[in-house]
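These notes concern the structure reproduced below.
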Amino acid sequence: MIDLKLLRASPDQVRAALARRGDASITRLLDELEALDIRRRALTGQLDQLKAERNAAAQVDARLMKEKGELPADVRAQRKQLGERIAGLDVELRNLEIELERKALFVPNLPLPESPDGDASHNKIVRTWGEPAPAGGPPHWEIAESLGILDLVRGAKLAGSGFPVFVGAGARLVRALINFMLDLHTREHGYVEVEPPLLARREIMTGTGQLPKFADDAYRTEPDDLFLIPTAEVPVTNLLRDEIVDGATLPRGYVAYTPCFRREAGAAGKDTRGLLRVHQFDKVELVQFSRAATSATEHERLTGHAEEVLRRLELPYRVVLLAAGDLGFASAKTYDLEVWAPGVSAWLECSSSSSFTDFQARRANIRCRPQPGGKPEFVHTLNASGVALPRTIAALLETHRQPDGAVVLPPALAPYVGTERLAAAGGG
């Protein structure tokens, strides 16, 4: 959530930072927030004055009662009128604060200075790894069909398009990738594994920024008002909700595997073939909490942990720094990891590694105490896909396909699958 104190103290700085997102509606929203904040402070001043008058009157009344045994009728009427004014302003202030908070939830995070100006066309490639194979060859859905490991038709029969069914060695491949990544991140990168609920309350979704702005992209249950999680980031970040943690325990990191559910209402008709855009998918998620002073360093380290997955899968990839106009709502800085898929001749995003600064921590009230007895401060939250499976599998099949149609698995993954090759029944 935006820091209203910062908006009040440095409005030009906040406006300039958010203008880099290229959304004119944010300016109008900031105008409304500033007007509400001015009104709130005026009401607070009025209430403080009236309550001071009430306190002074209470002392006068006590003296009158002692002297006369009762208050004159005109004094009682004055006191009643004062109480009614205070009660009315209290209600007005509460309603105003509710409206202020409601509108503040629609303001995105401030981009960090290192995010380039401009829209997605200004995203910057910061590094690459591996030698991309020449474009061409069959796309992953044809490879998967020939291997008998993916059934898109029956998935659509069960739940509609965007819900793939992995079969046989395909299901084993999914399980293997999950276990490989969890082992890598817990054993070598030091993350604590958690298994969170797949449903989240409304305030939990709000804490990480999915609500209220992106309600149409989420699956919601009735009558419970629970949401199927779009990413493990939602429950794992909120593990520390409303807590003050010991600053000495930071940074701390968690890793979780979950299915993820996204309606993506605005994405109809885009990249719908194969595994490029689905509504249910598996993902291993990395979440970190850090002090503000170390969050930039932790973001680079976190990104490296996600990259290591792709290196061990021997998949050429590139790291892209997103421009301010292409950032997600809650992000202050994001690297996308894009893996090369020769069959579809495209770089596919399989991970986003983001720093949220204190934006999510303010929404979820996650703080740390730097030193014993010290004043609490908001933590910084970070996360990265470590990594998402669908596009990773697409790139894996297209990159490691052999001339005979089989797919050779990289040495880091083969033991988890139990074979070095995926081949059609009766094939090589």
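The values are calculated or read from the model by the stated rules, or taken from the named source; none is laboratory data. Remember, it's a predicted structure, so these values are computed and weren't measured experimentally. Ideal geometry is used to build each Cβ from the backbone, glycine not excepted, and the neighbour counts take in all protein chains shown. Surface areas here come from the heavy atoms of the whole protein model, side chains and all, with no ligands, DNA or RNA. Shrake-Rupley method; radii C 1.70, N 1.55, O 1.52, S 1.80 Å.
When we screen 369, 312, 391, 362 for residues that are open to solvent by 20 Å² or more (accessible area, probe 1.4 Å), within 22 Å of residue 164 (Cβ to Cβ) and among the charged types (D, E, K, R), the only hit is 391.
Total residues in segment 1-58 satisfying the condition of being among the charged types (D, E, K, R) and either touching a strand residue (DSSP E or B) at 6+ places or on another chain (Cβ under 6 Å) or closer than 14 Å to residue 110 by Cβ (or both): the figure is 7.
Here residue 43 clears all of (1) in contact with a helix residue (DSSP H, G or I) (Cβ under 8 Å, 6 or more places away or on another chain); (2) under 24 Å from residue 208 (Cα atoms); (3) aliphatic (A, V, I, L, M) except the condition numbered (2). Among the residues of segment 154-198, the one identified as farther than 29 Å from residue 305 by Cβ and among the aromatic types (Phe, Trp, Tyr) is 163.
Restricting attention to segment 123-152, the residues that are touching a strand residue (DSSP E or B) at 6+ places or on another chain (Cβ under 9 Å) and within 22 Å of residue 277 (Cβ to Cβ) add up to 16. Among the residues making up segment 94-120, those that are part of a loop (DSSP other than H, G, I, E, B), open to solvent by less than 40 Å² (accessible area, probe 1.4 Å) and farther than 18 Å from residue 354 by Cβ are 105, 118.
Okay, residues lined up against (1) acidic (Asp, Glu); (2) out of contact with any Leu (no Cβ under 9 Å at 6 or more places or on another chain); (3) part of a helix (DSSP H, G or I):
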| site | (1), (2), (3) |
| --- | --- |
| 6 | no, no, yes |
| 12 | yes, yes, yes |
| 18 | no, no, yes |
| 21 | no, no, no |
| 28 | no, yes, yes |
| 33 | no, no, yes |
| 43 | no, no, yes |
| 49 | no, yes, yes |
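For beta carbons closer than 8 Å, sequence separation of 6+ or different chains, a first residue in segment 285-306 that is in contact (Cβ under 8 Å) with a residue 24 or more places away in the chain and a second that is among the hydrophobic types (A, V, I, L, M, F, W, C) and part of a helix (DSSP H, G or I), the qualifying pairs are 285/236; 286/302; 286/306; 287/236; 288/302; 289/240. So, in segment 270-325, of the ones that are assigned to a helix (DSSP H, G or I) and small (Gly, Ala, Ser), which residue ends up nearest to residue 344 (Cα to Cα)? Per the stated criteria, the residue is 306.
Meeting the requirement of 2 or more residues that are free of Cβ contacts under 8 Å to residues at least 60 places away in the same chain, the helices (runs of 4 or more DSSP H) wholly within segment 333-428 are 414-417.
Against the list (1) at pLDDT 90 or above; (2) over 34 Å from the mean Cα position of the chain (by Cα), the condition residue 23 fails is (2).
Does any residue of segment 176-196 turn out to be of a type in the set (A, V, I, L, M) and without any contact (Cβ under 8 Å) to a residue 60 or more places away in the chain? Within segment 176-196, not a single residue is of a type in the set (A, V, I, L, M) and without any contact (Cβ under 8 Å) to a residue 60 or more places away in the chain. If you go through segment 36-92 and keep only what is surrounded by 14 or more Cβ atoms within 10 Å (Cβ to Cβ) and among the β-branched types (Val, Ile, Thr), you end up with 44, 75, 86.
Just one of the listed residues (19, 73) is without any contact (Cβ under 8 Å) to a residue 24 or more places away in the chain and under 30 Å from residue 354 (Cα atoms), namely 19.
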